[in-house]
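Notes follow the structure.
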Amino acid sequence: MRKNIVAGNWKMNKTLQEGIELAKDLQTALSGKKVKCDVIVCTPFIHLASVNAVIDGQTVKLGAENCADKASGAYTGEVSAAMVASTGAKYVILGHSERRAYYGETGAILKEKVKLALENQLTPIFCIGEVLAERESGKQNEVVKKQIEESLFDLSAEDFGKVVLAYEPVWAIGTGKTASSAQAQEMHAFIRQTLKAQYGAAVADNTSILYGGSCNAANAKELFANPDVDGGLIGGAALKTDTFLPIIEAF
């Protein structure tokens, strides 16, 4: 069966020292608790090795927020999938709407990133989602399907089975707007149906699909109760243990 997952995306927040303290605090808060989901913190690159040293990798797992689309070489400032894996990280967020919008990441670039992540035994948390204009013109299904097809559908069923998806309605990220529980379920069900058409029911049923988009302590329980919503990719609320913990406990 597919896993329930709550992943925190720290984005460009927290100094190294602050990040270590947050990770320690979360590890302590969760130690001895019986949680019904995998908990992942996805940190800036410079935090990875240091955070890995203060979490146990079971109670709290480690992920990066991105990796390069090249294996190695003269790419100043880039961080490869192999480098990410060498820190002890097991996950990497790819295709976040901010990367697509601000840094011009295309489906073709993301296809390379996914391939390199998998080659380095990293689990991609692959983000998909529509902007407000696309939602308002009723194109959300078409947009999301295209994002999946152009970056992921070259994968074998076996490799696709190693990917986690995160649906993020871009209009609901950091805006305080949230897709209603019904809207979230409708999109997650559509995504699962798209996977089923390509890879069959077994792969589709075993793929974790997370909701990202202003998920917080107040709405997490309702969102996670949907049959096709397997957890959340959490932004702002992941930056403090006391706002992240209630989301984890929503399962």
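The values are calculated or read from the model by the stated rules, or taken from the named source; none is laboratory data. No experiment lies behind these values; they were computed from the predicted model shown. Cβ atoms come from the backbone with ideal geometry, glycine included; neighbour counts cover every protein chain shown.
Results, tabulated for the structure shown:
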item: Filter result (part of a loop (DSSP other than H, G, I, E, B), β-branched (Val, Ile, Thr) and either within 19 Å of the chain's Cα centre (by Cα) or surrounded by 15 or more Cβ atoms within 10 Å (Cβ to Cβ) (or both)) within the range 36-84; result: VAL54, ILE55, THR59, VAL60, VAL79
item: Residue match in the range 92-108 (condition: buried (at least 18 other Cβ atoms within 10 Å of the Cβ), touching a Cys at 6+ places or on another chain (Cβ under 8 Å) and more than 24 Å from ILE234 (Cβ to Cβ)); result: no
item: Residues that are in contact with an Asp or Glu (Cβ under 7 Å, 6 or more places away or on another chain) and among the polar types (S, T, N, Q), drawn from the range 75-128; result: SER97
item: Unique residue being at negative phi and at pLDDT below 95 when the list is LYS177, LYS240, LYS196; result: LYS177
item: Those residues of the range 7-32 which are touching a residue at least 40 places away in the same chain (Cβ under 8 Å) and not hydrophobic (A, V, I, L, M, F, W, C), in sequence order; result: GLY8, ASN9, LYS11, ASN13, LYS14, ASP25
item: Single match in GLU150, GLU105 (criterion: part of a loop (DSSP other than H, G, I, E, B), under 30 Å from GLY88 (Cα atoms) and charged (D, E, K, R)); result: GLU105
item: Residue in the range 122-136 that is surrounded by fewer than 16 Cβ atoms within 10 Å (Cβ to Cβ) and not in a helix (DSSP H, G or I) present; result: no
item: Tally of residues being in contact with a helix residue (DSSP H, G or I) (Cβ under 7 Å, 6 or more places away or on another chain) and either surrounded by fewer than 14 Cβ atoms within 10 Å (Cβ to Cβ) or modelled with pLDDT under 95 (or both) across the range 137-156; result: 1
item: Sole exception among (1) part of a helix (DSSP H, G or I); (2) closer than 17 Å to VAL144 by Cβ; (3) under 15 Å from the mean Cα position of the chain (by Cα) for VAL229, by number; result: (1)
item: Residue check, THR76 at pLDDT 95 or above, under 25 Å from ILE5 (Cα atoms) and among the polar types (S, T, N, Q); result: no
item: Residues of the range 172-190 classified as touching a residue at least 12 places away in the same chain (Cβ under 8 Å), farther than 7 Å from GLY213 by Cβ and either buried (at least 21 other Cβ atoms within 10 Å of the Cβ) or acidic (Asp, Glu) (or both), total; result: 3
item: Those residues of the range 216-251 which are small (Gly, Ala, Ser) and surrounded by fewer than 20 Cβ atoms within 10 Å (Cβ to Cβ), in sequence order; result: ALA217, ALA218, ALA225, GLY236
item: Yes/no for LYS162 being of a type in the set (D, E, K, R) and buried (at least 21 other Cβ atoms within 10 Å of the Cβ); result: no
